[in-house]
Amino acid sequence: MNLLTKRPKGTQDILPEESYKWRFLENFLFKQASLYGFDEIRTPVFEHTELFSRSVGEGTDVVEKEMYTFNDKGNRSITLRPEGTAGTVRAVVENGIYNKGLPQKLSYLANCYRYEKPQAGRYREFNQFGLEMLGSDSSSADAEIIAVANSIFKKLSIEDIELQINSIGCKECREEYYKELKAYLESHKESLCPTCLNRLETRPMRVLDCKNPSCIDISKGAPNILDYLCEDCNNHFEMLKEYLSAYDIKYKINPRIVRGLDYYTRTVFEFTSNSIGAQGTICGGGRYNGLVSEIGGPEIQCVGFGIGIERLLLLLSSQEKMEINKDECDVYVGSMGEAGKKKAIEIAEKLRNNSFRVEVDISDKGIKAQMKFANKINAKYSMIIGDNEVSSGIIKLKNMKDGSEKEFSVIDGLLNYLN
Ligand code: HAM
């Protein structure tokens with residue numbers, strides 16, 4: 001295999017036919033988050049490995065099997081971020097962002113890395129648009145986070161997307177629940193898949209979101225976490241439902257939403273769709289009240305989400321909802337002769353200074369080939385500058401759609417016309 005011309009498995013090249021959609025989406029997402037008061041944070045692509053083992057959790061699939069970890073030349077263990085929350089929280093603690101007042105609302109776009117089996121919607125390099133809200137334990141914060149995601153899908157006119165919510169309680173309610181759940185799963189041990197058998201002791205709740213048919217059957221009869229919530233967690237979940245209704249957001253309660261990362265407490269949620277195949281979770285998130293202190297910061301309660309950009313784009317294209325125009329050439333300034341070419345460059349620069357997208361001949365093509373090129377790049381207007389135009393100062397602007405022509409003697413007139 002020729003590795004020189006083959007990209008690593010699970011990665012993508014985003015070509016110009018697609019990249020303008022990314023640009024649109026990225027701008028849109030930040031803008032939408034900003035309407036709710038979120039400002040962008042950028043953190044490194046790699047962090048110390050320990051950050052992820054401590055936050056995402058030793059023993060989770062992500063940490064155990066999927067991280068891109070290596071020793072750098074200083075023999076430090078480094079990991080390419082598998083998700084955006086841990087780095088954001090690390091940056092909050094390191095920079096003391098909480099001292100600027102709470103709550104803090106942060107948004108980010110992070111390229112992430114997980115060594116997973118690639119398939120449609122699942123890549124080894126992928127991009128997450130995420131929000132993290134730090135410093136509020138109120139369910140209205142959870143509702144606002146969910147509302148931002150919901151507003152994103154609504155504004156993009158996405159149909160066939162469902163919000164599923166659950167509460168996985170706090171340490172105290174989980175203690176009692178784990179006892180009951182483990183006892184139940186032990187009694188069905190023989191039908192559990194090998195992965196779930198391994199999870200039984202340390203992460204029994206993960207059995208509930210296993211995709212193995214026999215584990216799904218067993219989990220149907222499992223005790224329900226919502227019956228084990230302590231009073232505070234129960235009130236928190238009840239209030240969340242009320243706030244979601246205030247936002248007029250529809251949701252389904254699904255006690256099997258447990259999430260695969262260790263830091264969650266109380267609210268967990270996912271937006272899922274059936275339109276893009278097996279990897280139908282477009283957005284996942286929830287509350288994580290213990291994480292900031294776990295990595296050495298103060299007790300700060302947080303909630304957030306991550307949207308997979310690749311999955312969102314798949315969903316948009318499956319529903320043909322992406323009405324975004326690619327930037328195209330406004331004016332092609334063709335030329336004949338050396339003096340014409342220099343004048344063409346001068347005119348093109350003036351137009352660009354006025355924010356028009358303009359191309360000139362940079363391949364020394366003949367005039368016919370130049371016009372063919374102008375057609376190929378869908379130029380809206382064209383002109384040709386030769387000796388006559390240089391000496392008379394009169395420029396003919398051609399509308400490439402209807403072929404009509406208009407003459408201008410000064411560039412200001414041309415600019416006014418194009419504007
Ligand atoms: P997550 O559910 O692991 O949560 O990932 C969030 C989203 O990233 C998923 O819903 C999915 O759209 C996308 N995603 C995950 N893995 C892949 C992959 N291999 N290929 C393509 N897309 C993928 C988190 O990462 C949390 N940090 C979310 C969060 C933020 N919770 C609180 N704050």
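The values are calculated or read from the model by the stated rules, or taken from the named source; none is laboratory data. Not measured: the values here are computed from a predicted model. Don't worry about glycine lacking a Cβ; one is built from the backbone with ideal geometry, like all the others, and counts go over all protein chains shown. With ligands, DNA and RNA removed, areas are computed over all heavy atoms of the protein, side chains included. Shrake-Rupley method; radii C 1.70, N 1.55, O 1.52, S 1.80 Å.
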Original post:
Can you list the equivalent-ellipsoid semi-axes of the chain, largest first and in whole Å, using the square root of 5 times each Cα gyration tensor eigenvalue?
Top reply: 54, 23, 21
**OP:** For Phe38, enumerate residues with amide H under 5 Å from its amide H, sequence gap 5+ or separate chain, H modeled in the peptide plane.
**Re:** none
**OP:** Any chance you could run the full-extension gain for Asn71 through Ala339? It's 0.36 nm times the residue separation minus the Cα-Cα distance, nm to one decimal.
**Re:** 90.6 nm
Subject >> Three-way shape label, the stretch 296-419, alpha-carbon gyration tensor, a/c 1.5 >> reply: prolate
Original post:
In what order, largest first, do Thr281, Thr49 sit by accessible area if the probe radius is 1.4 Å?
Top reply: Thr281, Thr49
Original post:
Size of the dipole of the chain about the Cα centre, Lys and Arg at +1 and Asp and Glu at -1 on the beta carbon, nothing else charged, in debye to 20?
Top reply: 1180
**OP:** Mind checking which of Gly296, Cys230, Asn375 is farthest towards the positive end of the chain's charge dipole, using Cβ charges of +1 (Lys, Arg) and -1 (Asp, Glu) about the Cα centre?
**Re:** Asn375
Subject >> Segment Glu176-Tyr115, length gained on full extension (0.36 nm per residue, minus Cα span) >> reply: 18.5 nm
**OP:** Rounded to the nearest 500, what is the 222 nm mean residue ellipticity of the chain from helices alone, with -39500 (n - 2.57) per DSSP H run of 4+ residues and division by all residues?
**Re:** -11000 deg cm²/dmol
**OP:** Could you do me a favour and compute the accessible area per residue for the chain, 1.4 Å probe, result in Å²?
**Re:** 51
Original post:
What lysines sit close enough to Lys189 to cross-link, taking a C-alpha to C-alpha distance under 17 Å and skipping anything fewer than 8 places away on the same chain?
Top reply: Lys179, Lys211, Lys220
Original post:
Over the alpha carbons of the stretch 10-136, what is the largest minus smallest coordinate on each principal axis, giving the biggest first in Å?
Top reply: 41, 37, 27
Original post:
What is the distance, in nm, between label points placed 7 Å from the Cα along the Cα-to-Cβ direction at Asp402 and at Asn388?
Top reply: 2.4
Original post:
Can you give the relative contact order of the stretch 219-300 as a percent, counting alpha carbon pairs under 8 Å and 6+ residues apart?
Top reply: 20
Original post:
With point charges of +1 on the Cβ of Lys and Arg and -1 on the Cβ of Asp and Glu, referenced to the Cα centre of the stretch 1-134, which listed residue (Pro103, Phe46, Val89) lies farthest in the positive direction of the dipole?
Top reply: Phe46
Subject >> Contact order normalised by residue count of the chain, Cα under 8 Å, 6+ apart, percent >> reply: 15
Original post:
Applying 1/(1 + (r/R0)^6) with R0 = 35 Å to the Cβ-Cβ distance of Asp364 and Asp13, what FRET efficiency is obtained, to the nearest 0.05?
Top reply: 0.70
Original post:
Can you work out ³J(HN,Hα) from phi for every residue in the stretch 376-385, in order, using Karplus 6.51 cos²θ - 1.76 cosθ + 1.60 and θ = phi - 60°, giving whole Hz and x for Gly and Pro?
Top reply: 4, 8, 6, 4, 6, 10, 9, 8, 10, 10
Original post:
How large is ³J(HN,Hα), in whole Hz, for each residue of the stretch 126-140 in order, when computed from phi with the Karplus curve 6.51 cos²θ - 1.76 cosθ + 1.60 and θ = phi - 60°, using x for Gly and Pro?
Top reply: 9, 10, 10, 9, x, 10, 10, 10, 10, x, 9, 9, 6, 4, 5
Original post:
Nearest 20 debye, what's the magnitude of the dipole of the stretch 258-333 about its Cα centre given +1 on Lys and Arg Cβ and -1 on Asp and Glu Cβ?
Top reply: 380
Original post:
For the chain, which whole percent of the accessible surface, found with a 1.4 angstrom probe, sits on carbon and sulfur atoms?
Top reply: 47
Original post:
So what's the angle, to the nearest 10 degrees on a 0 to 90 scale, between helix 171-186 and the longest Cα principal axis of the chain?
Top reply: 80
Subject >> Given charges at Cβ of Lys, Arg, Asp, Glu: the stretch 1-72 dipole, positive-most of Tyr20, Gly10, Tyr36 >> reply: Tyr20
Subject >> Theoretical gain in end-to-end length, Asn419 to Asn95 [0.36 nm per residue, Cα-Cα removed] >> reply: 112.0 nm
Original post:
What is the magnitude of the charge dipole of the stretch 56-96 about its Cα centre, with +1 placed on the Cβ of each Lys and Arg, -1 on the Cβ of each Asp and Glu, and no other charges, expressed in debye to the nearest 20?
Top reply: 220
Original post:
Using modelled amide H (1.01 Å from N, peptide plane; none on Pro or chain starts), what sits under 5 Å from the amide H of Gly169, excluding residues fewer than 5 places away?
Top reply: Arg266
Original post:
In degrees, nearest 10, range 0 to 90: what is the angle between the Cα axis of helix 16-35 and the longest Cα principal axis of the chain?
Top reply: 60
**OP:** Name the residues whose placed amide hydrogens come within less than 5 Å of the amide hydrogen of Leu156, ignoring near sequence neighbours (fewer than 5 apart) on the same chain.
**Re:** none
Original post:
Residue-wise, which Karplus ³J(HN,Hα) couplings in Hz belong to the stretch 325-337, taking 6.51 cos²θ - 1.76 cosθ + 1.60, θ = phi - 60°, and x for glycine or proline?
Top reply: 8, 6, 4, 10, 5, 7, 9, 9, 9, x, 8, 10, x
